[in-house]
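The values are calculated or read from the model by the stated rules, or taken from the named source; none is laboratory data. Here the structure is a predicted model, which is why all the values come from computation and not from measurement. Cβ placement follows ideal geometry from the backbone for every residue including glycine, while neighbour counts extend to all protein chains displayed. All accessible areas refer to the heavy atoms of the entire protein, side chains included, with ligands and DNA or RNA removed. Shrake-Rupley method; radii C 1.70, N 1.55, O 1.52, S 1.80 Å.
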Amino acid sequence: MQELFDKMKEYLNMDTEISFDEFDGYYKKVVAFLNDNWQELNEEDTMHMLFILDNLKSNGEDRAKRKEKEAKKYAKMAQRTEIWANALIKRLRDAGLTDEEIGKRYEAIYETV
């Protein structure tokens, strides 16, 4: 989990954009991790994963708008990350967090990047 989070922080601090292959590879690692571990994530790790998913989704949506051959693939990745993000948000709500608390914790993570 920490490796995925650290990699996202690295991506966000880069001056250049990563290639489709690297984006796709990272996305697949995130989804594979979630498929195997999402139910065991503690609250902090769930928030970190939400941060990762939100950034994947927004970058995927942005790239999907471009007239590139991978545009449809980026759109699919953005849709799938949104599904995962919604599942994690529901999990946090079920754990008793309000949307305001989730938002504050999310912003605190963003400030550390």
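Some points to look at:
- The relative contact order of the chain comes to 28 percent, based on Cα pairs under 8 Å that sit 6 or more residues apart.
- Each residue of region 47-52 is assigned a 3J(HN,Hα), and the resulting list reads 5, 5, 5, 4, 4, 4 Hz, derived from the Karplus form 6.51 cos²θ - 1.76 cosθ + 1.60 (θ = phi - 60°), x at Gly and Pro.
- C-alpha long axis of helix 20-37 to longest principal axis of the chain, angle in °: 30
- Trypsin sites (Lys or Arg not before Pro), loop per DSSP, at most 11 other Cβ atoms within 10 Å - longest free stretch of the chain: 1-64
- Backbone phi angles across region 55-68, fed through the Karplus curve with coefficients 6.51, -1.76 and 1.60 (θ = phi - 60°), yield HN-Hα couplings of 5, 4, 4, 5, 5, x, 4, 4, 5, 5, 6, 7, 8, 10 Hz in residue order; Gly and Pro are listed as x.
- At 0.692 mPa s and 37 °C, Stokes diffusion of the chain via Kirkwood alpha-carbon radius, µm² per second: 226
- Among Met1, Met14, Met77, the order of accessible area from largest down is Met14, Met1, Met77, computed with a 1.4 Å probe on protein heavy atoms.
- Listed residue pairs exceeding 19 Å between alpha carbons, taken from Lys7/Lys76; Lys9/Lys57; Lys7/Lys28; Lys7/Lys65; Lys28/Lys72; Lys29/Lys73: Lys7/Lys76; Lys7/Lys65
- Net charge of neighbours whose Cβ lies under 12 Å from the Cβ of Thr81, counting Lys and Arg as +1 and Asp and Glu as -1: +1
- Table column - 3J(HN,Hα) (Hz), region 93-102, Karplus curve with 6.51, -1.76, 1.60, x for Gly and Pro: 5, 4, 7, x, 7, 8, 4, 5, 5, 4
- Residue-count net charge about Ala95 - beta-carbon cut-off 14 Å; Lys, Arg +1, Asp, Glu -1: -3
- Cross-link partners of Lys69 among aspartates and glutamates (Cα-Cα below 20 Å; sequence separation of 8 or more within a chain): Glu17, Asp21, Glu22, Asp24, Glu61
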